[in-house]
Each structure stands twice: as structure tokens, then as C-alpha cells.
Amino acid sequence: MKKQLVRMLAVLGAMWNFHVIAIETPTEPDRDTRATITLKTNAEARTHDLAEQDLQVMPKVVTKVGDTDVTYTGLFRKETNTDGKTSDLQTIFHKLCIGGEDLEMVEIGRVNFRKLLDESSTVNFDNCMAGKGVSRIFTGAFAEYKPWDLALGVAASDGEISPTHWDMIMGSWSHRFDDQLGVQVHAAVGRDEVKKAGIAVEYKPTDKVGILGDVLYSPTETTCLLLGNYQLADKIKLFGGATMTDADGKDTTARAVIGAEADVGHGLAVYGGVDQKIGSDHDTRIAVGFKLSGSRDL
């Protein structure tokens, strides 16, 4: 696994003009500190469209200060396409958590409050929904009481970490009633209006079936999502989904996707599907791609 990870780092480094340097840092034997880094790359090609690829770096560090856990986690992303255009390094989320088993006393940074949503489809479809708010990412300071599955805090509507930008009060509640049903509700309120809100319901009637329904609201648009996964075999998954967005002052847009994904081992999955735009633009795309991930304890 170590050789595979080093090879993957070298390949990704060459693709993205990164220099990968391994640094071994001595650790004190009496300090309970663990660090992990996960690398993930996705690539997708679609007919009548550009191919695209991204690289995601996910560091995680956990340590103890007395009886208190201190955790840092992050997700950073860079994307390129067949035109040779490469995006700047994007910060999807990064946060510092200080707390115990029940109450995370402090959670500061750009925080992902996604609690359900295990279902997935093509990379482009999932990224599109993440951009509309499915991931429930807020920037600010929050406290989470785990026995109640409740999080409260202040957040910035413009995504700035600075406390002077924190202009919203945010709340999120999630709960799994059993192995089959899960619910998450969230809302962020500014001085005079609801800035963001949503409700997600996840239903798993069997170990092989997962269905997600999600409604996301903002002052400019409302998006509805229905997505389902079916585990056809041990390493083959079928997926299908549809989304509709009603934007204020604009035409309603919709799209649907259906396909299959296969786990070929060693952190690699390949997939193929059909992506259909619905409405005035009946564009149909065939999508094929792969997802590759690997992690290592440092």
C-alpha cells in the first residue's frame, strides 16, 4: 500500500506540477497525536463537453490536551480541464474542533454540516448539487451538542472567516431514527430574511437500497433533489437521480442522471452514465469517469 500511495503521489504531482516531499517528524511517545492525509482524484469525460479532473487533499490531525480532544480537518481541491485551464486551490472546508465526547465546545472555520447523504452518482452531477448547498457548508463559529444532534452558531453570508463578517445565526438538527430513516434540517437567518434553509430525508429500506430527498432554499433559488443507489452486486452499484431548480426571475431548469459504478479495488472505482437536461434544452450527455482515493497515517 505504501508503494502504491507513493506512486499515486508521484503521478498526481506530475499532472499538477506539484513537488511531493515526504517529511518524517519525530513524535513524543507520551503525546496522543494522530495525523492522516487522504488524497483523492476524480476524472470525468462527457460527450459534447469538456473533460475535467480534480485533485482533493484531506488532512486530519487529532491530539489530546488533558481530557479534551483537539481536531483539525480540511478538504482542499484543484481542478483542470481539457482546455488546460486549472483553477486556484479551493478551500472546500477546514475547521478546528475543541471538545469532548458529547459537546464540541468550539468549532471554528469553514465547516461541513453534512450528516446524511451517503448516496452518490457521477462526479459532475454530485459537484453541481454540492454547489447548490447539499454539503451544507458554513463559515463561522459553532457549538454542537451530540446527544441532541444539534448545532448552533454564527456564520458569514460571504464565506469570510473574520468575525466582523459573521452576519447570520445558523442552526442544524439531524437525527437517525433507526437504520432506515434519517432527517436533517438546517437554516441560516440574517437581519431581515432567511439566507439559507433546507431539509433532507434519507431512507434505506434494505442494506442494498439508499434514497435521498433534499430541498434547498435561498432567496435567489430553490432546488429539489431525488437520488437513489442500488447495490446490484458486491462491487457494482446502480445510481439514478433528478434535480430541479427554480431560480427567481429565470427559467426552471432540470436534469436527470442514470448509470452504474464498479469498485475495481485498490481505492479505484469506475463509472458510466447518461446525463439528460430537461426543459427547453434537451441536451443528452454520455459520461464516463473514475474515482481514485488513498490514505495514509503520518
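Every number here is computed from the coordinates shown, using simple stated rules; none is lab data. Note that this is a predicted model, so its numbers are computed, not measured. All Cβ positions, glycine included, derive from the backbone under ideal geometry; neighbour counts span all protein chains shown.
Descriptive notes on the structure:
- Exposure proxy ranking, count of Cβ atoms within 10 Å, fewest first, for W148, W173, W166: W148, W173, W166
- Where GluC sites (Glu not before Pro) fall in DSSP loop in the range 191-244, at most 15 other Cβ within 10 Å: E193
- In order through the range 42-52: 3J(HN,Hα) via Karplus (6.51 cos²θ - 1.76 cosθ + 1.60), integer Hz, x for Gly, Pro: 10, 9, 8, 10, 10, 5, 6, 7, 7, 7, 9
- Residue exposure proxy: H165, H266, H48, ordered by other Cβ atoms within 10 angstrom of their Cβ from fewest to most, comes out as H48, H266, H165.
- Cβ crowding within 10 Å, taken as a proxy for footprinting-reagent exposure, orders R136, R296 from fewest neighbours to most as R296, R136.
- Listed residue pairs exceeding 29 Å between alpha carbons, taken from K85/K196; K78/K237; K204/K277; K115/K291; K64/K146; K95/K146: K85/K196
- Seen from A269, the other residues with C-beta closer than 10 Å to its C-beta sum to a net charge of +1, counting Lys and Arg as +1 and Asp and Glu as -1.
- For the chain, Kirkwood radius (reciprocal of mean inverse C-alpha pair distance, Å): 21.1
- Placing pseudo-labels 7 Å out from each Cα toward the beta carbon at Q90 and D192 gives an inter-label distance of 3.2 nm.
- Mean separation of Cα contacts under 8 Å (6+ apart) over length of the chain, as relative contact order %: 14
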